[in-house]
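Colleague: Below are the structure tokens for one structure; questions will follow.
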Amino acid sequence: MDWMERVRNLRQWSQNGARAPHKPLLMLYALGRFQQDADAALRFTSVEGDLARLLEDFGPNRKTSAAYPFHHLTSDGVWEVRTDTGSGSPGSAVGELRSSGAAGRLAPGLRAALSSEPALLGRLAHLLLDSHFPPSLHPDITAAVGLDLEAGDGTAVLLGEVAKETRRRNAELRAKVLVAYEYRCAFCGFSGSIGHTPVGLEAAHVRWWAFDGPDHLANGLCLCSLHHKLFDQGVLGLSEQRRIMVSREFIGDGRAARGQVHDLSGQPLMGPQPGSDPVHPEHIAWHTRQVFRGEPRLAA
């Protein structure tokens, strides 16, 4: 059984580039729990809150239910659900999953493969992360689902081909955006280097690569590490006029939060330099629909 292929081809709802990371997040959560206890079943009533928080923190800004992936992942052959009576999943209704004592876990064949080939877990996790989320969010997601992607001897788990390709492409895009934005963050203007090496500056995809975002300058921004993370988390966004938006849902106290986040509201982008492609409105619109959280704050 090619488990990498099965996980790569998880069936997901898709329309006009909309994000639906419900199944990938449940798979990552299940892999994290498998690491902790390979035989444990995940009772819906016990993990419902965890799944809801994962969807809220790393999913698109729309209402959804943890019951959806818990039931529907069974159709992909990587997940099973049983109830107190021993039957299969009762469906995707929250009430039925709760009252029936529904519990899920990775499919028997996948559990056996993970036990006999420990490195498979890392490859599956990297595949899910690289295929559905930007690299800036990977550490947050793995921490949230309880995944440890370090081998027992402290060396990193071998990267899959998707991860290797992603890193190569990110390096190429970074070179383009650093020049176009003159080695400074397009949001705050930060610029720094050690010797001849820029530090703290990264290339951000506006429309994520996993959702058909091209490696073109018109889909890239040069951002400092902080603002890249906040942009991918939906705290920051861009208006049609390429002015910075700050989500009303962001709560930050103190001078640093005001200066580094709140005060950015309504400010224009710094760059790119003349002759370089600015961010395309189509990619801005995708980010606003699929990543940005709620409504923007009013500019001071």
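The values are calculated or read from the model by the stated rules, or taken from the named source; none is laboratory data. Just so we're clear, the structure is a prediction, and the values are computed from it rather than from any experiment. Here Cβ is always computed from backbone atoms with ideal geometry, including for glycine, and neighbour counts include all displayed protein chains.
Here's the yes/no breakdown for (1) part of a helix (DSSP H, G or I); (2) among the charged types (D, E, K, R); (3) over 19 Å from Gly271 (Cβ atoms); (4) within 19 Å of the chain's Cα centre (by Cα):
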| residue | (1), (2), (3), (4) |
| --- | --- |
| Arg174 | yes, yes, no, no |
| Ser191 | no, no, no, no |
| Asp215 | no, yes, no, yes |
| Glu240 | no, yes, no, no |
| Arg255 | yes, yes, yes, no |
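Colleague: Among the residues of region 103-124, count how many are touching a strand residue (DSSP E or B) at 6+ places or on another chain (Cβ under 8 Å) and aliphatic (A, V, I, L, M).
Modeller: Residues meeting the conditions: 4.
Colleague: So, in region 283-300, of the ones that are under 24 Å from the mean Cα position of the chain (by Cα) and without any contact (Cβ under 8 Å) to a residue 60 or more places away in the chain, which residue ends up surrounded by the most Cβ atoms within 10 Å (Cβ to Cβ)?
Modeller: Among residues in region 283-300 that are under 24 Å from the mean Cα position of the chain (by Cα) and without any contact (Cβ under 8 Å) to a residue 60 or more places away in the chain, the one surrounded by the most Cβ atoms within 10 Å (Cβ to Cβ) is Pro296.
Colleague: Here's a follow-up. For region 21-57, name all the residues that are surrounded by fewer than 21 Cβ atoms within 10 Å (Cβ to Cβ), over 23 Å from Ser99 (Cβ atoms) and aliphatic (A, V, I, L, M).
Modeller: Result: Ala38, single match.
Colleague: Sticking with this one: So, in region 193-207, of the ones that are small (Gly, Ala, Ser) and outside any strand (DSSP E or B), which residue ends up modelled with the highest pLDDT?
Modeller: Gly200
Colleague: Mind checking which pairs have a first residue in region 23-45 that is outside the structural domain of Gly146 (by TED's automatic domain parsing) and a second that is surrounded by 24 or more Cβ atoms within 10 Å (Cβ to Cβ) and part of a strand (DSSP E or B), Cβ under 6 Å, 6 or more apart or different chains?
Modeller: none
Colleague: When you scan region 95-142, how many residues do you find that are closer than 21 Å to Phe44 by Cα and without any contact (Cβ under 8 Å) to a residue 40 or more places away in the chain?
Modeller: The number of residues fulfilling the criteria is 6.
Colleague: List the helices (runs of 4 or more DSSP H) inside region 1-92, counting only whole elements, that have at least 2 residues being hydroxyl-bearing (Ser, Thr, Tyr).
Modeller: Result: 44-58.
Colleague: Determine which single condition Ser89 fails, assuming it passes every other condition in (1) within 25 Å of the chain's Cα centre (by Cα); (2) free of Cβ contacts under 8 Å to residues at least 40 places away in the same chain.
Modeller: Exception for Ser89: condition (1).
Colleague: Something else: Identify the residue in region 176-189 that is part of a loop (DSSP other than H, G, I, E, B) and in contact with a Gly (Cβ under 7 Å, 6 or more places away or on another chain) and, among all such residues, is nearest to Arg19 (Cα to Cα).
Modeller: Residue satisfying both the conditions and the ranking: Ala186.
Colleague: Mind counting the residues in region 60-108 that are modelled with pLDDT under 95 and of a type in the set (Lys, Arg)?
Modeller: Residues in region 60-108 being modelled with pLDDT under 95 and of a type in the set (Lys, Arg): 2 in total.
Colleague: So, Ala210, is that one under 27 Å from Ser131 (Cα atoms), surrounded by 15 or more Cβ atoms within 10 Å (Cβ to Cβ), assigned by TED's automatic domain parsing to the domain that holds Gln273 and at pLDDT 95 or above or not?
Modeller: Considered against the rule, which asks whether it is under 27 Å from Ser131 (Cα atoms), surrounded by 15 or more Cβ atoms within 10 Å (Cβ to Cβ), assigned by TED's automatic domain parsing to the domain that holds Gln273 and at pLDDT 95 or above, Ala210 comes out as no.
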